[in-house]
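The values are calculated or read from the model by the stated rules, or taken from the named source; none is laboratory data. The structure presented is a predicted model; accordingly, all values stated were derived computationally and were not measured. Note: ideal-geometry Cβ built from the backbone for every residue, glycine included; neighbour counts use all protein chains shown. Calculation scope for accessible area: heavy atoms of the full protein, side chains included, ligands and nucleic acids excluded. Shrake-Rupley method; radii C 1.70, N 1.55, O 1.52, S 1.80 Å.
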Amino acid sequence: PWLMTDYHFAICPANADGTIDWKSGDGCGPYKIESGEFGVSWNLSRHNGWHGEGAYFDAVEMTVLNDPNARQTALVTGDVDCVSLVDLKTLSLLKRNPNIEIDNVPSGAAITLPMFCDTAPFNDVNVRNALKLSIDRQEIVDKIAFGAATMGNDFHLAPGQPYFPESIPQREYDPDKAKALLKKAGAEGLTVSLSTADSVFSGAVDMCVLYAEQAKRAGIKINVVREPNDGYYSDVWLKKPFSAVSWGSRPTPDVMFTLAYKHDAAWNESHWQNDRFNELLMQAKAELDQGLRGEMYNEMCQLMRDDGGTVIPFFNNFVSARSKKVMHGPELAASWTCDGARAPSRWWFA
């Protein structure tokens, strides 16, 4: 039943062959489509035949603004009523604006840096762990996320989520140990390229540049490649061997692990293969004893941390901003930005 909460779960028309017609953009929500183009904008109007609650606005216009400055300027000038992905560098300044409210929601959303485990030099676990030891997560949380995040530990489970393994120690920044691992791997003087873009999250490029500076102390040269914002997830993600990625939150470990870490997952972004992890994943799906299931997830998280191909710098808060005339209820969903991406159907004008 948890899968029903996922923001990708859409009910759309069927094609003649029975497959889903997602290209139409036509779903089953409280608004009807007047016009729209993926990646550009959508214009919606209230669907008066909607059977449930919601649709408090007469109409909604959703506009894609990948540039952080453009988004923030549009809000300040009143051209838009709400923006997601607030530029954290100017968050404190935005807070001073009397006409704007900030929503800062801790979540299980993660920023990941997956490495292709089947591609050199990342096919050596010593190299992977050297890169994990070469990132100072606390400095990144302080200087890039400006405190609006929780440090990651290279397993995809946030402290506020079920089954979080308290017993696993936090990985610390240790460039000397990273150097030793590179020597063991015969990879001293390692050079790698890391792809990123501002559209991944506010500060993604700055984070990778800071990571590159931190890694120098381990003798690692990281070439930060600034990719185009548009088309990043079609042209870079799952194609480049080392990249920055933004993940939304998932309600249970099983959902997240199955989506991105299972051996045959379509979104296995690190190409990681671990027989023991996959064995435990299947066992945990069927285990009804919560204590035993927790032990399985604990071991799986340990495997991800010590053998996996993903650096997880932090779990980011969802930080959005809105005009004070836009109202919402006391609780905001932590699954995605703007109230689980459901602001149009949950919010209203004062």
Within segment 325-341, work out how many residues are open to solvent by 30 Å² or more (accessible area, probe 1.4 Å), modelled with pLDDT of 90 or more and either charged (D, E, K, R) or within 17 Å of PHE9 (Cβ to Cβ) (or both).
2
When segment 284-312 is examined, which residues are found to be farther than 26 Å from LEU133 by Cα and either surrounded by fewer than 13 Cβ atoms within 10 Å (Cβ to Cβ) or among the acidic types (Asp, Glu) (or both)?
LYS285, ALA286, GLU287, LEU288, ASP289, GLN290, GLY291, LEU292
Taking the residues in segment 167-180 that are in contact (Cβ under 8 Å) with a residue 60 or more places away in the chain and open to solvent by less than 60 Å² (accessible area, probe 1.4 Å) as candidates, determine which candidate is nearest to the chain's Cα centre (by Cα).
ARG171
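Please find, among LYS132, LYS183, the residue that is at pLDDT 95 or above, assigned by the TED database to the domain that holds PHE242, surrounded by 15 or more Cβ atoms within 10 Å (Cβ to Cβ) and out of contact with any helix residue (DSSP H, G or I) (no Cβ under 6 Å at 6 or more places or on another chain).
The unique qualifying residue is LYS132.
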Would you please list the contacts, defined by Cβ atoms under 7 Å and residues six or more apart or on different chains, that run from a residue in segment 131-156 that is of a type in the set (Lys, Arg) to a residue that is open to solvent by less than 10 Å² (accessible area, probe 1.4 Å)?
LYS132/ASP154; LYS132/VAL311; ARG137/GLY152; ARG137/PRO313; ARG137/PHE314
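Any chance you could count how many residues in segment 64-84 are open to solvent by 70 Å² or more (accessible area, probe 1.4 Å) and either in contact with a strand residue (DSSP E or B) (Cβ under 7 Å, 6 or more places away or on another chain) or in contact (Cβ under 8 Å) with a residue 60 or more places away in the chain (or both)? Reasoning before the result, please.
Residues of segment 64-84 that are open to solvent by 70 Å² or more (accessible area, probe 1.4 Å), as a first pass: 67, 69, 73, 76-77, 79.
Okay, now just the ones that are also either in contact with a strand residue (DSSP E or B) (Cβ under 7 Å, 6 or more places away or on another chain) or in contact (Cβ under 8 Å) with a residue 60 or more places away in the chain (or both), so 67.
So the answer is 1.
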State whether the residues of segment 92-105 include one that is assigned to a loop (DSSP other than H, G, I, E, B), in contact with a strand residue (DSSP E or B) (Cβ under 6 Å, 6 or more places away or on another chain), at pLDDT below 95 and within 28 Å of ASN69 (Cβ to Cβ).
no
In this structure, does ALA284 turn out to be in a loop (DSSP other than H, G, I, E, B), among the aliphatic types (A, V, I, L, M) and assigned by the TED database to the domain that holds SER193?
no
Considering LEU181, LEU113, which residue is over 30 Å from ALA321 (Cα atoms) and hydrophobic (A, V, I, L, M, F, W, C)?
LEU181
Give the residue that is most open to solvent (accessible area, probe 1.4 Å), with candidates limited to residues of segment 106-123 that are more than 30 Å from GLU188 (Cβ to Cβ) and assigned to a loop (DSSP other than H, G, I, E, B).
PRO106
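Of all residues in segment 19-38 being in a loop (DSSP other than H, G, I, E, B) and open to solvent by 60 Å² or more (accessible area, probe 1.4 Å), which is modelled with the highest pLDDT? Show your work before the answer.
Here is the first cut: in segment 19-38, the residues in a loop (DSSP other than H, G, I, E, B) are 19, 21-30, 38.
Restricting the remaining residues to those that are open to solvent by 60 Å² or more (accessible area, probe 1.4 Å) gives 19, 22-23, 26, 28, 38.
Working: THR19: 95, TRP22: 90, LYS23: 88, ASP26: 90, CYS28: 84, PHE38: 91.
Residue satisfying both the conditions and the ranking: THR19.
Residue by residue, here is whether (1) without any contact (Cβ under 8 Å) to a residue 60 or more places away in the chain; (2) within 27 Å of PHE314 (Cβ to Cβ); (3) under 23 Å from the mean Cα position of the chain (by Cα) holds:
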site	(1), (2), (3)
PRO1	yes, no, yes
TYR7	no, yes, yes
TRP22	yes, no, yes
ASP26	yes, no, no
MET62	no, no, yes
LEU91	no, yes, yes
In segment 257-283, residue farthest from the chain's Cα centre (by Cα) [restricted to those that are in contact (Cβ under 8 Å) with a residue 40 or more places away in the chain and buried (at least 21 other Cβ atoms within 10 Å of the Cβ)]
TRP272
